Amino acid sequence: MARHKRRTRADEARLVRLVEALRFMNFAFNNVRLYPPTHAEVVGVMARLQETLAGVFEEAEDVGYGFMDELLYIEGAMSVEETAANQMLVDRFSRCRVKYLTIMKGVTPEDLLAFFQLLNAEATKPSAEHPAELLEKMGVRTIHIVEADVDDVASKSKVSRKKTLFDWYVKAVGVLDALRAEFMAGGDPDLRPLFHLTDDMMATIRNKGFEPFLLLPRLSRGLDAWNAHSVNVAVLACALGEACGLNSGHVQTLCVTAFLHDLGRLIIPPEWADDPSPLSAADREVVRQHADWSYFLLTKHPELSPGIGLFGALHHRADLPAGGYQPDVIHRILAVADHYDLAYLGDKYYWRHHRPDRVLRHLLLRRGRPHEPALLKLLVNAVGYYPTGTLVRLDDGQRAVVVRPNPMHPARPRVWLFESAAPAPAEGEAESSLPLADLTDLAAGGLGFARSIAGVLPPDPATDVAALIDAQKEYLLSFNL
Amino acid sequence: MTDTAHDSPELRQKLGDVALLLRTLVTSARTAALYQPGHSTIAQICERTKTILDKSLGGENTLTLDIKAKTVVVEESPLPNAPETAAFASALHTLGIGPIVLTNRLPPEGLCEFFKLLVAKPDGKTTLTDLQKMVQGLRIDGLQMVFVLSFVVTGEQDEQEQLPGQLSEEQVAAFIRSANLPDLLTLLLRQNEGLAGKEAETVTDLLCAVLERETTLDEFLAAMPWPRYDPRIRLRCEELAAQAAREADWTRDSLISWTGLLRRADRQALDSRNIHERPAALRWSLDLARALLDRPASPKQPKYARLAYARIIRELAADGRVPELLGELERFAGLEPALRKGVQEAVTSRAFAERLVAHIRLLPKDAPEAARLVEFLAFAGEDMMPLLLGELAGLADKAHRAQLCSLLARFAARTGTGPLLKALKNEDWFLVSNVVAILQEMGDPAAVPRLLPLLDHKHAKAREAAARALLKFGGKDAADGLADFVARADPEDTAKIVVALSLLPVPGQDARLIAACRKTPHAATRVALVTALGRCPTGAALAFLKEQARRTWFEIMTGRNKELRRAARRSLETLRKDGHA
C-alpha cells in the first residue's frame, strides 16, 4: 500500500517555489505571444522566472515538470491540485509535445526566452522537427524537453487504440533492432530515436514508477532476445539509478549505456540464442569477443561518450586489477542489472535464461562478490525477493503469480490469485477486476499476515505464466493497478 | 478556542486544505458516477483525490471531520460556507453519519467506495432506510464513520488514545514469532499507526522510514523508544538483525531480513556516487584500444580497433592532452590515410594549440621531448602553424616565447616556411617581430625578399627586427635592400643599420654606401654613412671621402656640412692610419 510520504519544511518551501515558477511560465507563454522579445513585459517575466528557479537550484542541479495524461507532475510527483490550477499550462505544454521538461542549473533569461518563443511557434504551427532538436539548434543547453511521440499525441483520438506499456516495449526493441542493423552495415547510425526512447522511459519511470515495467520481460516471447535483454537492463538500471539518487544526466548516460552495452553481440549468429546445446571452445571464444566488439562499435561512434564504449568492453569483467580502471557507480549498477536479467551464470551455454528468483538468490548468496551488497539490496527491493512474474505457492495452498513488488517489504508483494474466481462485479459494473492479494494484509485480529508465500514453484508445463500474463497484460501493466 | 487560535495562519491553511479536499471529494464523486464501474478513469480520479487527501493531512495520520447538518467542523472551527461543503455534509448527514475520521491508510479503492456514499440517493427500489443500513454495514479500510443513531465499528481498528508499545501478551507472542525483520517491523507499524498521539506518530515515522530505507537499521534501533515496548520485542529485533548479518548460516528469512533493510555501511556505499570523469575514461579507453590493437582476438578486429583508436585520439586532441598524444606518435604511422587525416584534423584545433603551448612551458631546456613535439607537429601538418602563431601572438613571457619560437623554427624546417611568410603580412607588429625571429633562427636566405618590405612596417620594432634579420642573412639582396632603406629612412632607424651594413662581407659595399649617402636627404644619415665608409678601404670610398672632406663655399656661406666634412676627415684619417690612404 502506498503511503503518504511526509514532506519536510524544506520540501514545502521548494514546492512553493516550483509552483511559483509555474505561474511565471503561464505569464511567459502569454507575454512572448503578445509582445516583442525586447519588451519590458517579456524581459521582466523571464528574469522573474529565472530568479524563482535560481532559488531551487541552490540545492539541486535541475528541476523537472511532467505533463502526462493531462496531469501535471512536479519533480516526479503527480499534483492534482496544481493540475487544476494550471490546466491551461498543462494543455499548452501537451499541445507542444512537451511530455517532461527539465530545467538545469545555470539557465539564463535568454534561454528561457528562446524556449518560450519556440513553444509559441510550435503551438501556432507544429514544426516537422522535434522541439528538443530545435532547442538544441538554438544553442539552449540548459533546458531539456522530453517529447511525446507524435503517435502518442495522435492516440488521444477516441477512435484509436490506447497505447500500452507493451506497445512501448515492442517499439523499444524495434528501435534497438534498427540500430543494430545500421551498426552491422558499418555506419554510425543516427541515435536520436534511442535518445528519445531513453528520455521517454526516464520521464515515465520518474513520474509514474517502474513497477509495471518489471512484467515486460515476461512478455518478451517472440521478440529479439538480445534487444529485449537490453531494454530490460535499461529499465532496471534506470530504476536503480533513481534509487541511488543519480542526477538526470547520469541516469540518462546509464540508460543509454544499458541499451547499447551488448551491441557487440551482433557478431554472434542470432540463432544461437535459441540453441540449447552447450557451446564448443571456439564458440565460447566468439562469445567472449562480444565485449570487444561492443567497445569498437560504441567507441567509434562520435555521438557516444568514450565511457560508454569502455563499459561495453568491461561489463563482464569482474577481475579488474587494482590500480587500473575500477568500476564507477554507473558501471556497478549496470553490471548488477545485466547480471540479473541475463541470468548468465556460466559460459557453458550461450543464452540460458534461469529463473529470476534463482538468479537473485545466486547473487545474494555471493554478496559482495562481485556486486556491492548495498546495490544488491536495492536490486532486491526493486524487483522483490520473489521477482515479478514468479509462480508461487501461498501458505493457504493457493497458487499465485507475483505482479508487483512491495517497496516496503521485499518478500510480501502483490500477487495475482489466478486460480481464484474473480471478485464478483459490483452492482452495475460491466466486468470484474483480477483477484489480487496484497501480502501485507493482516489476518483478522491483526496478529499476523493473512497470507504469505510458502515457496516458489518450479515451472509447470500446464501453467504457462507468460501466457497468463499476456492474456491479462492490459490490466496488469496498468500504472493504476 | 480563542480568537487568536481562530486567526492563526496554520488553522486558516488547514481549513483551506480541508475545503479543497471536500470540493475534490464531491466533484470527484460526481464525475466518477458518470463512468461505468471499473472504468480506468475512476482509478485515476481516485488517485488524484488520494493525493489531495494526503496533502490535507499535512503530515498527520488522521483528519477528523464533524458533520453537523449542512456544516463541517474541523478542530472546532466550522468550514466556510461553500456549495460543495454543504453537499458533502448533507450527503453524510442524510445517511446518519456524524463524525468521520480520514486516515492516510485510506487507499484509492476505499475512496471509490466512499464516492458511492456521497452520491447515494433513495430511489424507487431503495429507500433511505435501506441506504442507512447498507452504509452501516460498509467497511472501508482507513476510514472510520461514527453513526448518529448507533456506533458501528468500521475500518480496521479504532483509533486509540494510547502510547506506543502497549501490546497485549497475545500481540507480543505473535509479533516475536516473526521469521524475519521486515515482517516484525511491518506488524509493529500496522499496530502502531492506528494510535493517536505525538509519541505514537514518531514511532510510525521511524518504522516507515526504516522500511522505506530512508534511514538505516542502526539509526532505527538507536532511535526507537524501547522502554515503551516489551523487552522481548527489542530482543527479537536484535536477534533477527544479528541473524541477517551472519553469512555462514543464511536462510531464506535471514536473506529477507538482510535485503529488506539498509545498514550504515550500505548507506555510506550508496552515498559515494563516484562517476569517472572524462579524462580518466579517455585514459582507460586509450589503454584498452592499445591492448586490442596489439592483441586482436580475430583478424577483423584490427580494422575496427583502429577506428576506435582514432576516435579516442580525436577526443584527446579536443581536450588538449599533449603528453598522451605524444606517447602515441609511433602508432599514428600505422593508421590508414583516412584515419590519419581524421586525427590530423582533430589535432588542428585552437584548443589543442593552446594546450600544446602551455605544455612547452613545462619542458626543461633542451628536453628530448622537444624533438618528439616537432615530430608530432610534423605529423599534424602545416595547418598547425597558424594556430601556434596565434598563440605566440599572445605570449607575454619572454623565455616561453623563445621556447616556442625555437620549436616553431624546427617545425617550419620540416614542413616549410609558407605559413610563416604569410604571417609576415599580419598587422600585429609583435607577431611579425616574432615570426621574423623564427625565420632568422631558421637562417633560410629565401626569406630575404619577404623580409625587405618589413623595413617599411609601420611599427619601429618590426622594422628593427626585419633589419636585424636581414643583416644576419647578409648577401647582395639584403645589402641592397638595407642600403636603399638607409637612403630613405629616418636617421634614428638607420644609425645601427649603417654600421652593420658597412661590416657586411658583401662586394660593392662602398658603392652602396656612397649611393645612399648621395640619395639621403638627412644630414645625420650622411654623417653616419661617411663614418661607415672609413671601414671601406677602396678607391671609390677614398675619392668620395676626399670630396666630402673639402671645405666648400656652401659651408662657408651657410655654416652647414661642417659635421659631414669633419666626419669625412675622420674616416680618411682612419684609412690613413690603416695604411689605405
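The values are calculated or read from the model by the stated rules, or taken from the named source; none is laboratory data. Since the structure is predicted, the reported quantities are computational estimates derived from the model, not experimental observations. Virtual Cβ from ideal backbone geometry, glycine too; neighbours counted across all protein chains shown.
Below, the figures for the structure above:
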{"read-out": "Top-ranked residue in region B:283-323 [being among the hydrophobic types (A, V, I, L, M, F, W, C), in contact with a Lys or Arg (Cβ under 7 Å, 6 or more places away or on another chain) and at the interface with chain A (Cβ under 8 Å from one of its Cβ atoms); ranked as nearest to A:Ala374 (Cα to Cα)]", "value": "B:Ala308"}
{"read-out": "Verdict on B:Ala33 being loosely packed, with under 15 Cβ neighbours inside 10 Å and over 17 Å from B:Met145 (Cβ atoms)", "value": "yes"}
{"read-out": "So B:Val506, is it touching a Lys or Arg at 6+ places or on another chain (Cβ under 9 Å), in a loop (DSSP other than H, G, I, E, B) and modelled with pLDDT under 85", "value": "yes"}
{"read-out": "Counted residues, region B:106-143 - those being in a loop (DSSP other than H, G, I, E, B), closer than 19 Å to B:Ala89 by Cα and not β-branched (Val, Ile, Thr)", "value": "4"}
{"read-out": "Number of positions in region A:273-304 that are among the hydroxyl-bearing types (Ser, Thr, Tyr), buried (at least 17 other Cβ atoms within 10 Å of the Cβ) and more than 7 Å from chain B (Cβ to nearest Cβ)", "value": "1"}
{"read-out": "Residues of region A:376-401 that turn out to be among the aliphatic types (A, V, I, L, M) and within 14 Å of chain B (Cβ to nearest Cβ), as a count", "value": "7"}
{"read-out": "Residue in region B:276-301 that is modelled with the lowest pLDDT, counting only those that are of a type in the set (Lys, Arg) and not in a helix (DSSP H, G or I)", "value": "B:Lys300"}
{"read-out": "Residue identified as modelled with pLDDT of 85 or more and surrounded by 13 or more Cβ atoms within 10 Å (Cβ to Cβ) among B:Ala305, B:Ala318", "value": "B:Ala305"}
{"read-out": "Residue within region B:256-269 that is modelled with pLDDT under 90, more than 9 Å from chain A (Cβ to nearest Cβ) and not in a loop (DSSP other than H, G, I, E, B) present", "value": "no"}
{"read-out": "Set A:Val45, A:Val16: member being within 14 Å of another protein chain (Cβ to nearest Cβ) and free of Cβ contacts under 8 Å to residues at least 40 places away in the same chain", "value": "A:Val16"}
{"read-out": "Criterion: at the interface with chain B (Cβ under 9 Å from one of its Cβ atoms), in contact (Cβ under 8 Å) with a residue 24 or more places away in the chain and of a type outside the set (Asp, Glu) - qualifying residue of A:Gly455, A:Gly445", "value": "A:Gly455"}
{"read-out": "Residue in region B:36-46 that is facing chain A (nearest Cβ under 9 Å), of a type in the set (A, V, I, L, M) and under 23 Å from B:Pro80 (Cβ atoms) present", "value": "no"}
{"read-out": "Sole exception among (1) touching an Asp or Glu at 6+ places or on another chain (Cβ under 9 Å); (2) surrounded by fewer than 19 Cβ atoms within 10 Å (Cβ to Cβ) for B:Pro227, by number", "value": "(1)"}
{"read-out": "Enumeration of residues in region B:534-569 that are part of a loop (DSSP other than H, G, I, E, B) and either among the basic types (Lys, Arg) or without any contact (Cβ under 8 Å) to a residue 24 or more places away in the chain (or both)", "value": "B:Arg535, B:Arg550, B:Arg551, B:Thr552, B:Gly559, B:Arg560"}
{"read-out": "Flag for A:Val286 being part of a helix (DSSP H, G or I), among the aliphatic types (A, V, I, L, M) and farther than 22 Å from A:Tyr340 by Cβ", "value": "yes"}
{"read-out": "Subset of region B:47-62 [under 46 Å from the mean Cα position of the chain (by Cα) and either in a loop (DSSP other than H, G, I, E, B) or more than 7 Å from every other protein chain (Cβ to nearest Cβ) (or both)]", "value": "B:Thr49, B:Lys50, B:Leu53, B:Ser56, B:Gly58, B:Gly59, B:Glu60, B:Asn61"}
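Conditions (1) of a type in the set (Ser, Thr, Tyr); (2) over 27 Å from A:Glu372 (Cα atoms), marked per residue:
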site	(1), (2)
A:Cys244	no, no
A:Val256	no, no
A:Glu271	no, yes
A:Ser277	yes, yes
A:Phe311	no, no
A:Asp341	no, no
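Residues checked against (1) closer than 26 Å to A:Leu240 by Cβ; (2) without any contact (Cβ under 8 Å) to a residue 40 or more places away in the chain:
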site	(1), (2)
A:Ala282	no, yes
A:Ser294	yes, yes
A:Leu304	yes, no
A:His316	yes, yes
A:Gly324	yes, yes
A:Asp341	yes, no
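Results for (1) at pLDDT 80 or above; (2) surrounded by 16 or more Cβ atoms within 10 Å (Cβ to Cβ); (3) polar (S, T, N, Q), shown as yes or no for each residue.
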| position | (1), (2), (3) |
| --- | --- |
| A:Glu59 | no, no, no |
| A:Val63 | yes, yes, no |
| A:Phe67 | yes, yes, no |
| A:Tyr73 | yes, yes, no |
| A:Met78 | no, yes, no |
| A:Thr83 | no, yes, yes |
| A:Val90 | yes, yes, no |
| A:Cys96 | yes, yes, no |
| A:Lys99 | yes, yes, no |
